[in-house]
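Structure first, then comments.
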């Protein structure tokens, strides 16, 4: 999706395990205000100054103070800051002199305690800074503390932080305020867009609101353990499936690389813990799995992902109607070794496009602010109404959620005799619910190539679609790390069982290969009986006495252990170890000559090269397979194998051209394939490999 004018966007920063440069950052601006307090308050070695001594910064200065007892405040870091509050009954503002332009953190502390003169839980208000709306119609939750963090690029010498009541009870309040400089390079200016691929520029000037800050796989990190005084939550409550993730702790010293990120990017405690795939050290096929976290976000938003240690930023525009942001990690398919993926930390920030109303503070008695307040109220009502419709539509479209116990009973404890199909995702069981509704239950196999992404995609798509020719998704189950889909039961089974393909393949003396099976060539009669048509491209199948490749197992077999599912990957693992003989079929292992097997493995390795230019042509493959057969059938000098093999640094065709140039013209021809039907393989080899047969 094209990146356009962004009104509300989310930014999340992926923090990897690469190490950072240690630096000591001293903020040029460091305003810490304990609002409504008569005395200063020290939290974690930082002194929050009572704002009674800062009356010159308040406009108007005649605002009210309120306080409560510490015992009434829920347990929270910096609880003493929530004991007092500055209360506003009209638009008011704090002014701060800015020493250094650039990005600043603005943190606002809220706790709506009940005072003898004010019920702060009834307060609803707007907050703006530097003309940017930070909070619209904000109403703090009763009996809960809240810290709202924003990051603004301040370009003026004075910062005005304004509050304006908007509710029926004309109250606004704030318990404490922080305005603190942050390093200019904390937020880069450019980010890569994911859909479509491109570049998003101008990020450094965007106002941001911190939505989440997570320490993956590690403990809670409080502000006194962060050089920028940030709080890092634990990730457990955001994991979609905890069984697919395990924490890993690094107990050594974090090494910092010059030119990289700094400790202000994230504290060492974040880099020292991570979430990774389970049993990563023992697995080589974890590419089948991923770890996913899900966060509640605003609908119709765009997202910026920043890998802070390597500074890779990505902007992703969310689908309209989605109020969930999923962040997942999975191994790269480019790594042939141990498959693993890790994530150390995550920050999610909302890009504030000034969609709300900025607060305008006027002298006492002025009525001009009425229009601003009314506009913000109407705007907020519209936004809330749209959000409510979107949330209700999304939540109501995901289908019915079954408990595992219900499906366990419906399938007779997942009885193998009730299996009606097996696919890449897992087995499909017939079942019956307690109301006698017949269902098909597809249970995900943890060792399957398909995983959570496919599971979620099927739920999201089929729950939105209804058509007489589309199978209906009745519900799903995600308990106990299970991935189970429940469909309507199709009594007649698959179309495959109603076609004549089995007859074509096995019902005649010679098998017939149709070679053009597609929906347009499957016809229906008046009774909807399906019949295969159009045999113009068909051919008779090969006979057993003709040369062809046999294998004792399928190329892909989801029923096997994970490392054995893909034959090519499994075989290459043993080939790279030089132990290919370990997976030879036991029925023929004793008769395979080592030199023949070695050349066979080398040929396979060439065929599976990552780059197409490094892979041999089919003619070259045939040449080498015939040579492998020659080694198996005849006694060959193993020391000469490399000089004879057709796949080496020089392509076989070039090697053969050299041989032809040194051979008399009358001996350079080869017999047509049609003339070889009565020739043994050893004779074929004599013509292809031996120079005198050329």
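The values are calculated or read from the model by the stated rules, or taken from the named source; none is laboratory data. Everything numeric here is computed off the predicted structure, so don't read it as measured data. Please note: Cβ atoms are built from the backbone with ideal geometry, for glycine as well, and neighbour counts cover all protein chains shown.
Observations, loosely collected:
- Conditions (1) without any contact (Cβ under 8 Å) to a residue 12 or more places away in the chain; (2) assigned by TED's automatic domain parsing to the domain that holds residue 206: number failed by residue 190: (1)
- Against the test of being farther than 24 Å from residue 90 by Cβ and surrounded by 18 or more Cβ atoms within 10 Å (Cβ to Cβ), the options 145, 155, 166 yield a single qualifying residue, 145.
- Total residues in segment 475-499, condition in a helix (DSSP H, G or I) and farther than 25 Å from residue 445 by Cβ: 1
- Residues of segment 611-628 satisfying the condition of being exposed (fewer than 13 other Cβ atoms within 10 Å of the Cβ) and free of Cβ contacts under 8 Å to residues at least 24 places away in the same chain: 611, 612, 613, 614, 618
- Candidates 44, 102 - the one that is under 41 Å from the mean Cα position of the chain (by Cα), surrounded by fewer than 17 Cβ atoms within 10 Å (Cβ to Cβ) and outside the structural domain of residue 204 (by TED's automatic domain parsing): 44
- Being crowded, with 18+ Cβ neighbours inside 10 Å, modelled with pLDDT of 85 or more, under 30 Å from residue 148 (Cα atoms) and out of contact with any helix residue (DSSP H, G or I) (no Cβ under 6 Å at 6 or more places or on another chain) is a condition met by no residue of segment 242-263.
- Residue check for residue 523: in a strand (DSSP E or B) and either free of Cβ contacts under 8 Å to residues at least 60 places away in the same chain or exposed (fewer than 10 other Cβ atoms within 10 Å of the Cβ) (or both): yes
- Any hit, segment 215-229, residues being assigned to a strand (DSSP E or B), in contact with a strand residue (DSSP E or B) (Cβ under 6 Å, 6 or more places away or on another chain) and within 26 Å of residue 146 (Cα to Cα): yes
- Exactly one residue out of 399, 431 is surrounded by 12 or more Cβ atoms within 10 Å (Cβ to Cβ), under 13 Å from residue 486 (Cα atoms) and at pLDDT below 85, and it is 399.
- All positions within segment 74-89 that are surrounded by fewer than 19 Cβ atoms within 10 Å (Cβ to Cβ) and in contact (Cβ under 8 Å) with a residue 24 or more places away in the chain: 74, 76, 77, 79, 80, 89
- Test: residue in segment 183-198 that is surrounded by fewer than 18 Cβ atoms within 10 Å (Cβ to Cβ) and either more than 27 Å from the chain's Cα centre (by Cα) or within 26 Å of residue 120 (Cβ to Cβ) (or both): yes
- Whether a residue is in the same structural domain as residue 627 (by TED's automatic domain parsing) and assigned to a loop (DSSP other than H, G, I, E, B) was assessed, and residue 586 does not pass this test.
- Some residue of segment 540-549 being within 45 Å of the chain's Cα centre (by Cα), over 25 Å from residue 498 (Cα atoms) and modelled with pLDDT of 80 or more: no
- Sole exception among (1) assigned to a loop (DSSP other than H, G, I, E, B); (2) at pLDDT below 80 for residue 28, by number: (2)
- 3 or more residues touching a strand residue (DSSP E or B) at 6+ places or on another chain (Cβ under 9 Å) and free of Cβ contacts under 8 Å to residues at least 40 places away in the same chain: qualifying strands (runs of 3 or more DSSP E) within segment 415-474: 426-432
- Any hit, segment 166-173, residues being within 40 Å of the chain's Cα centre (by Cα), within 25 Å of residue 42 (Cβ to Cβ), in the same structural domain as residue 50 (by TED's automatic domain parsing) and in a strand (DSSP E or B): yes
- Count of segment 500-514 residues which are surrounded by 13 or more Cβ atoms within 10 Å (Cβ to Cβ) and either in a helix (DSSP H, G or I) or at pLDDT below 80 (or both): 3
- Residues within segment 196-214 that are touching a residue at least 24 places away in the same chain (Cβ under 8 Å), in a strand (DSSP E or B) and touching a strand residue (DSSP E or B) at 6+ places or on another chain (Cβ under 7 Å), tallied: 8
- Residue 482 vs. criteria modelled with pLDDT of 80 or more and closer than 24 Å to residue 240 by Cα: yes
- Which listed residue is in a loop (DSSP other than H, G, I, E, B) and over 30 Å from residue 204 (Cα atoms), from 54, 38: 38
- Subset of segment 123-143 that is out of contact with any strand residue (DSSP E or B) (no Cβ under 7 Å at 6 or more places or on another chain) and at pLDDT below 90 - its residue that is nearest to residue 228 (Cα to Cα): 131
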